[in-house]
Each structure stands twice: as C-alpha cells, then as structure tokens.
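Notes follow once the structure below has been shown.
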Amino acid sequence: MIEVLEATHVAEARRYAARVGDGLGFDEAALAQIKMVASEMASNLIKHGGGGVFLAQPLPGARGAGLELLALDRGHGMQEVTRCLTDGYSTAGTLGLGLGTIVRQSGLAEIYTRPEAGTAVVAHFFRPEAARTPHGPDCGAVCVPKPGQDACGDAWALRHEHGISWLLVTDGLGHGPLAASASQAALDAFFGWRPTRPSDGLAVLHQALRGTRGAVAGLVALEHASGTLRYAGVGNIATHLCQDDACRSVLSYDGTLGYQVRSIREHSYQIAEGGLVVMHSDGLSSRWNLTQRPGLFSAHPALVAGCLYLDYTRDTDDATVVVLRRTS
C-alpha cells in the first residue's frame, strides 16, 4: 500500500501496480490497461479526495489469476455516481474520463461513496489463460505492515474447495521480520494441510509454528450452500458474522500457536445468504460499526474491508481485515 498525497505519487502508484501485475504474469497489453487504470485511480485520490491510499495485490482466492487495485480516500465523496461515470462530466475542471476509463478497462469495477464521507474504488483484472472460477468466493482484504515497517507480521489466506471457503487470518507476535516469519510458517502449513475441520487445521499450525515467535490465528470453514460456518480461534483474531448490518462475534480462546494452547475448540454457526464474515487482527479497532457507512454492507467485500481499514486502523501495529460474503 502507498500513500497518494501529491501529483508525483501518481507515477509511483502506476509503477507499483505494474510491478505487481508483472509478477502475476500479465502481458504487456494487460499491463498497459493496468497502468492506465492505476493512474486514473491515483489521480482521483488527489483531485477529489484530498489524497488517500492505493493498494495493488493478487486477487483473493484466484491463485494468481487476477489483480486487484483499491483506492481509498476521506474526501467529499460523490453526489451522483451515475453522472460521474459519464464521459465528459467533471467536478474538477478535467476531461471527465477517469471513472469511465476505470470501468471500461477493468474486468470488474465498483465504487462506494457517500457525500462528505469519501470514496472507495475497486478494480479487478483477470488473466485470460487463468479465468476466474465462476462460483468462487466473494472476498476482499487489506493487509499492511505497521507504519515505518517493511515486513508485515499479519497474514491471511483463502482456499475454496468443493463449495467450502477456508479462510485463515494470523498475526505473528509483535511486528517486523520475526513476526512475518511466524505468519509465513502458518500460511505454508495451511496450504500443505488437507482440510478436514478448523480445529484440526489450527492443531497443524500449532505444531508448524514451534521454533518461531508464535502467532494467534482464526480459521473459518464456510459451506456456502447450507450457510453453515465452523470456526476455531486461538488468541485475539476478531471474527464477526454480519447480517442486515447487525454483527455478532464468534468464540475464540486464549493461547499462542507454537507455544501454549490449552485447547482448540470449534463452534458452528449459521449465516444467511449474502451475510458477511469479517475477520481482523488487533491492528484494527474493535469498535468498528458498519452502520456508520450506509449501504456499505451490500458493497463488494474489498470495499467493505477498505472502508473498515480507513476508518478504524491503528498506527501502532500491523493491520489486517478480511471480508468474505456467503454466496450460493
């Protein structure tokens, strides 16, 4: 993630997006589109948002098949989104082609905005030789290191197999390279594990993290067809089920994976069609509230995660927030 606060940062955002896209194997033609959209998104942060943040990352759950760009600001927002998407309409004295370009050049684009509450824009790009899974999970995330740090001690991962989404969020103790190493060990164990139950998964992670700094983690198994959600958590990864803007927390237990875990217990819940699973590390304040942003609940999960990060992040630690929607 980079801050976009002045005109020179637009080129930095463009290079950043192209670098991530190149690492995912996009060809030159696709990279040109990615750079064009990144420039428009970053420019809008300055023109209309008074500055903001820009993120480029692999598309969640797409196994390298896609790229996600996310732009967030706390500006004045847009009064009429439909008019703003029309070529030639501008409130900043420009040609008025920015938002239209983002929509046309992206495989998916969505905007969340409210007057005087800022704007969030997400754009997806898909590699043609690795098409998006038609019924894949609807998920979005922000995962960034503590300000001033290069390594992020938080991590998350998503697997979608046989109609079940397996979502892991982990936070290595402290921050910096040693915390990042612990979280990476958790991810390696997660992807090497054959999914059975969330409690079994955390037991595998507990053994894999011995010899590291240790970590806390939460593991969700969401069966989309039935709405059954199974969860196991060790430590302070916060997990909530949100339906119709009302959110309830799920149970987690004290301990540190790799060190001391008294018990790993699993609980089962039901979540309605369209409901959200929100998981985050303690880099996000526990006092978040979706109702503070009307209409955010129904927005793309990447926009939900982005707005929660923007509104409730702390500057004292790494921060991760992941949002998964139940779809049939």
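Data table
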| read-out | value |
| --- | --- |
| Nonlocal amide H pairs with I237, under 5 Å, H built at 1.01 Å | A217 |
| Cα gyration tensor category, rounded, prolate or oblate, for segment 260-328 with a/c compared to 1.5 | oblate |
| Sequence ranges 114-124, 303-313, ranked by mean other-Cβ count within 10 angstrom, highest first | 303-313, 114-124 |
| Mean separation of Cα contacts under 8 Å (6+ apart) over length of segment 133-255, as relative contact order % | 20 percent |
| Globularity index of segment 128-220, i.e. its alpha-carbon radius of gyration over 2.2 N^0.38 Å | 1.16 |
| Most fluctuating residue given options R194, R293, R213, as computed from a GNM of the chain linking Cα atoms under 10 Å | R194 |
| Rounded Å value of the spacing that divides the Cα centres of segment 204-274 and segment 138-158 | 18 Å |
| Residue-normalised accessible area of the chain, expressed per residue, 1.4 Å probe, Å² | 43 Å² |
| Intensity falloff of the chain expressed as log10 I(q)/I(0), Debye formula with alpha-carbon point scatterers, at q = 0.06 Å⁻¹ | -0.20 |
| The chain - percent of accessible surface contributed by carbon and sulfur, probe 1.4 Å | 49 percent |
| Per-residue [θ]222 nm for the chain (sum of -39500 (n - 2.57) over DSSP H runs n ≥ 4, rounded to 500) | -8500 deg cm²/dmol |
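The values are calculated or read from the model by the stated rules, or taken from the named source; none is laboratory data. Source: prediction; values computed, not measured. Positions of Cβ are backbone-derived with ideal geometry, glycine not excepted, and every protein chain shown enters the neighbour counts. Just so you know, the surface numbers come from the protein's heavy atoms only, side chains and all, with ligands and any DNA or RNA stripped out. Shrake-Rupley method; radii C 1.70, N 1.55, O 1.52, S 1.80 Å.
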